[in-house]
Amino acid sequence: MIAAVVDCSQHTHNKIIFRGRDLKFWLANFYPFCSFLPLPQAEFNFDFLVIFDMAIFPAGAEPAMRELRRWLKNQDSSKPWLCAPENMPFFIASKAFFAKQNINLKPGIFGWLKAKEKASPLALKHSIPVYHPQTEPRKIESAVIDLQIQRLQKNGVQVENYGNFFMTGLIPIGKNTLIGSGVVIKGESRIGKNVQIYPNCFIQNSEIGDQCVILPGTIVRDSIIEKNVQLGPYCHLRNGSLVKKGAKMGNFVEMKKSVLGQGSKAMHLTYIGDAHVGKNVNIGAGTITCNYDGNKKNPTIIEDNVFIGSGSELVAPVTVHRNSYIGAGSTITEDVPQNALALARQRQKNISGWVLRKRKKKK
């Protein structure tokens, strides 16, 4: 077993964040053949130990990592030895070395080895780039982005503009997914297969299912999107929203703490808050769930196969039962029965000649 520890004892800048993760996270991914152990609880259950120090960051390129791994496979862990690359980004020691020296695995071990022990030089054909977090953060950032791109390419993910995207850590993204220019994916997110994320979308702490289409300018935060969903352009999901399979949300639709059922649609200028929307519901343009009464948030329930005409207001708490219709421009304050048509608007009144009289009065 090849293990590793990261000694941060002498450096206060180890909390520097690159692409949403600290240096320890990126070390573990640049050196994936190592099992990283915590200090000071690390146990001697390894053959070789790599000791890193946060004063310098070795951004291991793949050729150097393959060479280092092959070299370690050919070494004898039963003999006491200590070595380091010429630029001293880390020490490598055999298990027998620690037994002979009676060294404890605790913070400060890198400095102790550097001061007390003379390491044998480890000459590698492929160099290991070394950067200083305090003075060369942009070089570390570039190395981290290169690592992200390599992982995405291995997974069959297409990135439209490598110079203009942001992703936290190494977020799982499925095969044949397209990430457009200016896309930001942050936090604990997960993206499925065959997803199209168009330019300038923002996704945070959310799950996007397979075959989804996320059109430009869409914001998805703390929400779950099931497969075959279309969002946007310019819609906003937040605070634990759930959009079920095959549903669609269009331009300038906002959704908060709500469920949009399978196959349902809200395509234009709509607010859905604290609502549960069933299957195959059509929500017309300009519909609002009036969830806040000035004191508390109230729920709206819209059951399956409901049609809501444009410009409607649903004053919560209210339930619209299955297979019912709401006429355009209605303000609904009472429950709507199953199979009913609800109309809640004043009768139109036309006053003949009113405009002409108004103009004459102005003259």
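What to note about this one:
For every residue, the table says whether it meets (1) of a type in the set (S, T, N, Q); (2) under 25 Å from Ser223 (Cβ atoms); (3) in contact (Cβ under 8 Å) with a residue 12 or more places away in the chain.
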{"site": "Gln262", "(1), (2), (3)": "yes, yes, yes"}
{"site": "Met267", "(1), (2), (3)": "no, yes, yes"}
{"site": "Ile272", "(1), (2), (3)": "no, yes, yes"}
{"site": "His276", "(1), (2), (3)": "no, yes, yes"}
{"site": "Asn305", "(1), (2), (3)": "yes, yes, yes"}
{"site": "Ala316", "(1), (2), (3)": "no, yes, yes"}
{"site": "Asp335", "(1), (2), (3)": "no, no, yes"}
{"site": "Ala344", "(1), (2), (3)": "no, no, yes"}
{"site": "Arg347", "(1), (2), (3)": "no, no, no"}
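- All positions within the stretch 224-237 that are farther than 23 Å from Asn176 by Cβ and either of a type in the set (Ser, Thr, Tyr) or surrounded by fewer than 18 Cβ atoms within 10 Å (Cβ to Cβ) (or both): Tyr234
- Within this structure, Gly169 passes the test of being within 17 Å of Tyr31 (Cβ to Cβ) and touching a strand residue (DSSP E or B) at 6+ places or on another chain (Cβ under 6 Å).
- Residues that are surrounded by 19 or more Cβ atoms within 10 Å (Cβ to Cβ), among the polar types (S, T, N, Q) and part of a loop (DSSP other than H, G, I, E, B) do not occur anywhere in the stretch 347-355.
- Per-region count, the stretch 178-236, residues farther than 21 Å from Ser258 by Cα and not in a loop (DSSP other than H, G, I, E, B): 7
- The condition of being in a helix (DSSP H, G or I), among the aliphatic types (A, V, I, L, M) and in contact with a strand residue (DSSP E or B) (Cβ under 9 Å, 6 or more places away or on another chain) holds for only one of Leu49, Leu27, Leu39, that being Leu27.
- Checklist (1) surrounded by fewer than 17 Cβ atoms within 10 Å (Cβ to Cβ); (2) under 28 Å from Lys116 (Cβ atoms) applied to Ala84, failing item: (1)
- Unique match (being among the hydrophobic types (A, V, I, L, M, F, W, C), closer than 21 Å to Met54 by Cβ and assigned by TED's automatic domain parsing to the domain that holds Asp222) among Leu113, Leu105, Leu122, Leu170: Leu170
The values are calculated or read from the model by the stated rules, or taken from the named source; none is laboratory data. This is a predicted model, so every value here is computed, not measured. Heads up, the Cβs are rebuilt from the backbone with ideal geometry, glycines too, and the neighbour counts pull from every protein chain shown.
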